[in-house]
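What follows is calculated from the coordinates using simple rules that are stated; it is not laboratory data. Note that this is a predicted model, so its numbers are computed, not measured. Heads up, the Cβs are rebuilt from the backbone with ideal geometry, glycines too, and the neighbour counts pull from every protein chain shown.
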Amino acid sequence: MYICERKSKANLKKRNKLKIFNDPIYGFITIPNELIFDLIEHRYFQRLRRISQMGLSYLVYPGAHHTRFHHALGCMHLMQKSVRVLRFKGVTISEEEEQALYIAILLHDIGHGPFSHAMEHSIVNGVNHESISLMFMEKINSDFNGSLTLAIDIFKGDYTRKFLHQLISSQLDMDRLDYLKRDSFYTGVAEGNINSERLITMLNVVNDELVVEEKGIYSVEKFLLSRRLMYWQVYLHKTSLVAESLLIRVLKRAKELVEEGRTIEGSHSLQYFLKYKISAPDFTEDVLDTFSTLDDYDIISAMKEWRNSDDFVLSRLSSMLINRDLLKIKIKKRPIKPEKINKHLSLVKEIYNITDKEAEYFVFDGLISNQAYNSNRQNINILYKTNKIVDIVKATDQFNLQALSKPVTKHFICYPKLLD
């Protein structure tokens, strides 16, 4: 028995960690070294296989079932290309910096909760996924004897070489280059299909700032236009919008019932976040570990049970999402008039025989905003052959691009279809 155990341990040590993933977007993605392999194998990262990249967008686009796991690997692949391109152009990137870039981009989304953004607005109070990602990275860093320290500094923007952080988080980073192309592929929305390879090939660095060479200006224009179209057509699609709004309200209602002392079905980890008010200071190591076991399946499984709840609001909202029988949504250019909202609230109260507070779960308004480019935040700069550097909005001859830098806000109202 003892000999078998020794052989087993020896075999584990010899395990090949230089694996290759077959990705439908880029083809073969290679794992650059053993540390990256070990991070991918970590249970915190494996959880991303169970977190949808696009939330409930599959209710509109049936193919949109890809995960944060897919996306993270794609971002790492693009980062590998970026490092090769920049080194070819004479930009010095040390092996330690290269390793840190791969780690930071691989783990940049590790803090996403179920259905990506819904958790941030419902059962976790004011803690965004970036903050949770950083907590995960710091916890993994302690487990890996400080191997992630430089990656964390770059991720936070604390490292002296600014362009390294810009590759991870800016208006032209590996995150956006991957998710636009990937989401376009899985939804079938061709407008988002950007040329990420061309954009990466045009990258350069001047004074430790990321720039795009003049030849890449049209690729940047296409990238920004694609981003705008993807937001209106996919990310802010009215059905996705109402579905996510309903999911947020389902979780809020469940939490409200638990706070009242009601017993509802749910996994251990979901029950924990329904029972306790968790904000940033409450995110201890134990809370983080509980969060790491929470994924899309917990929510879907719970909603299937909640359809049979004796609470009308929880039961009805859960059924709407499970059966895709959603609320009606209307999007307007101007704010919704209060009298219209009050009229719908009164009708819902009467038809469903519920209270004012309960009616607000079925009738509500909100707003959405789309800004493809923010000229006041980490500009996309174009490098001319004369070494002059100009912001993309000033460099382009496209009048439309100037319009894309202005936020467009729209208002919406949701209410039961039977009110039409």
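Quick notes
- Selection from V211, L257, G111 lying farthest towards where the dipole of the chain points positive, charges on Cβ: V211
- Degrees between helix 174-187 axis and first principal axis of the chain (Cα, 0 to 90, nearest 10): 50 degrees
- Estimated 222 nm signal from helices in the chain, with DSSP H stretches of n ≥ 4 weighted -39500 (n - 2.57), rounded to 500: -15000 deg cm²/dmol
- Over all orientations, segment 170-282 has a Cα convex hull whose mean projected area works out to 10.9 square nanometres.
- Counting charges near I152 (Lys, Arg +1; Asp, Glu -1) among other residues having Cβ under 12 Å from its Cβ returns a value of -1.
- Taking 0.36 nm per residue of separation and subtracting the Cα-Cα distance, full extension of the segment from Y218 to K333 would add 38.3 nm.
- Taking 0.36 nm per residue of separation and subtracting the current Cα-Cα distance, fully stretching the chain between D153 and E256 would add 33.2 nm.
- Whether the chain is rounded, prolate or oblate, judged on the alpha carbon gyration tensor where a/c under 1.5 counts as rounded: oblate
- Taking N as the residue count of segment 349-414, its C-alpha radius of gyration divided by 2.2 N^0.38 Å amounts to 2.02.
- DSSP loop trypsin sites (Lys or Arg not before Pro) with at most 14 other Cβ within 10 Å: longest gap in the chain: 90-261
- Placing R0 at 25 angstrom, the Cβ-Cβ distance between S94 and K17 gives a FRET efficiency of 0.65 after rounding to 0.05.
- Over segment 21-96: Kirkwood hydrodynamic radius from C-alpha pairwise inverse distances, Å: 14.2 Å
- Counting every C-alpha pair in segment 30-179, the share spaced more than 24 angstrom apart comes to 31%.
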